Amino acid sequence: KFAPRVFSGIQPSGGLTLGNYLGALKRFVQAQDAGTETIYCMVDMHAITVWQDPAKLRRATRELAAGFIASGIDPVRSILFNQSQVPAHAELAWIFNCVARMGWLKRMTQFKDKAGKNAENASVGLFAYPTLMAADIMAYHATHVPVGEDQKQHLELTRDIAAKFNHDFGVEFFPIVEPVIEGAATRVMSLRDGTKKMSKSDPSDMSRINLTDDADTIAQKLRKARTDPEALPSDLDGLAERPEARNLVNIYAALADITPDAVLAQYGGQGFGAFKPALADLAVDKLSPISAEMTRLMQDVAEIDRILGDGAARAHAIAQPILEQCYDIVGL
Ligand code: ADP
Ligand code: NA
């Protein structure tokens with residue numbers, strides 16, 4: 001009933017990290033290049049669930065668009081746009097707020113992580129974030145959502161909301177999405193702490209590689225990345241209790257488009273003194289063209305705005321009829 005359609009988004013809440021690149025952007029490009037219909041969104045309305053300086057938000061949104069394009073998203077073959085420019089997202093989110101149950105949202109671990117100890121002081125928007133995310137996806141009747149591991153629980157909630165809507169109104173209106181969480185780097189970890197994910201919101205810049213870091217910075221961050229004193233093992237079993245080593249092997253594999261086993265076949269028996277510089281060379285080789293292209297694109301902000309305006313018009317043309325049918329089903 002539903003044709004394959006890929007949707008995903010990234011928040012313009014700071015610079016892009018290697019985690020965003022390997023867990024999201026690189027896979028967005030693969031979906032586009034496989035010929036599937038692909039829709040990608042700068043989710044600025046998600047970003048404002050925590051305080052954002054307005055001028056910085058505007059700049060971060062354009063820079064994120066530049067990051068998508070520099071990574072290989074073709075704004076003609078894919079639809080690339082800004083969430084706040086397509087009103088169907090917010091409108092459908094309200095319907096979903098009335099479908100989702102408080103208890104479902106209370107179970108979301110990302111809210112607990114982001115709200116921290118003082119949850120009473122978190123915005124209502126931060127709590128309702130997953131219903132807006134469900135609306136982002138369902139506004140296009142998207143069937144496949146490539147994301148990192150951290151979004152798995154939100155996608156399960158999206159499925160629950162779609163199923164409850166369909167059941168409550170006796171329709172088969174919303175598809176039940178498939179999360180696409182695959183590859184070696186669905187969860188890139190912090191370079192300082194192998195138990196935490198690499199994130200743009202981590203206070204330590206040494207914990208992450210930013211797409212805009214220069215070659216020296218990338219090499220320095222990897223040299224200082226926390227590891228253990230052992231040499232690399234020759235197979236994956238040998239990484240079971242070594243999260244930091246496992247993370248660096250996964251990053252290498254994802255950047256080189258090979259399996260972690262193939263990385264160990266090459267580097268097993270060698271120490272980090274040899275492996276880290278090889279990883280730094282590979283990372284610089286893959287990331288510096290993207291960073292250079294982002295800088296070039298950011299010199300023509302009017303062109304970025306034109307691309308996003310065009311994307312928003314195409315997105316609106318798909319989402320608006322779906323929203324209108326949804327209102328009709330609900331009796332609005
Ligand atoms: P962030 O978590 O950096 O604030 P977003 O929430 O906007 O970024 O996530 C954008 C995409 O990047 C999502 O698909 C998310 O799963 C993915 N992602 C974010 N961090 C990582 C990571 N460390 N490893 C793998 N994927 C990640
Ligand atoms: Na995230």
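The values are calculated or read from the model by the stated rules, or taken from the named source; none is laboratory data. From a predicted model like this one, the values you see are computed outputs, not experimental measurements. Reconstructed Cβ throughout: ideal geometry from the backbone, glycine too, with neighbour counts over all protein chains shown.
How many of the residues making up region 71-115 are charged (D, E, K, R), over 20 Å from the mean Cα position of the chain (by Cα) and more than 17 Å from Ala313 (Cα to Cα)? Qualifying residue count, region 71-115: 3.
The set of residues from region 131-160 being under 18 Å from Ala24 (Cα atoms), assigned to a helix (DSSP H, G or I) and away from ligand 2 (no atom under 16 Å from the Cβ) is empty. If only residues of region 1-24 that are of a type outside the set (S, T, N, Q), within 11 Å of ligand 1 (Cβ to nearest atom) and part of a loop (DSSP other than H, G, I, E, B) are counted, the one that is nearest to Met138 (Cα to Cα) is Pro12. Could you tell me whether region 260-276 includes any residue that is closer than 30 Å to Leu64 by Cβ, part of a loop (DSSP other than H, G, I, E, B) and not assigned by TED's automatic domain parsing to the domain that holds Thr17? No, every residue in region 260-276 fails to be closer than 30 Å to Leu64 by Cβ, part of a loop (DSSP other than H, G, I, E, B) and not assigned by TED's automatic domain parsing to the domain that holds Thr17.
Among Ala162, Ala215, which is in contact (Cβ under 8 Å) with a residue 24 or more places away in the chain, under 30 Å from Thr295 (Cβ atoms) and small (Gly, Ala, Ser)? If you could, list the steps in order and put the result at the bottom.
Details: Ala162 fails: under 30 Å from Thr295 (Cβ atoms).
Matching residue, one of Ala162, Ala215: Ala215.
State whether one or more residues within region 210-219 are under 22 Å from the mean Cα position of the chain (by Cα), within 21 Å of Glu149 (Cβ to Cβ) and of a type outside the set (Phe, Trp, Tyr). Yes; the residues of region 210-219 include at least one that is under 22 Å from the mean Cα position of the chain (by Cα), within 21 Å of Glu149 (Cβ to Cβ) and of a type outside the set (Phe, Trp, Tyr). When Ala55, Ala65 are screened for being in a helix (DSSP H, G or I) and in contact with a strand residue (DSSP E or B) (Cβ under 9 Å, 6 or more places away or on another chain), only Ala65 passes.
Residue under question is Arg27, and the condition is that it be among the basic types (Lys, Arg), away from ligand 2 (no atom under 16 Å from the Cβ) and assigned to a helix (DSSP H, G or I); does it hold?
Details: among the basic types (Lys, Arg): yes; away from ligand 2 (no atom under 16 Å from the Cβ): no; assigned to a helix (DSSP H, G or I): yes.
Judged against the criteria, Arg27 is not a match.
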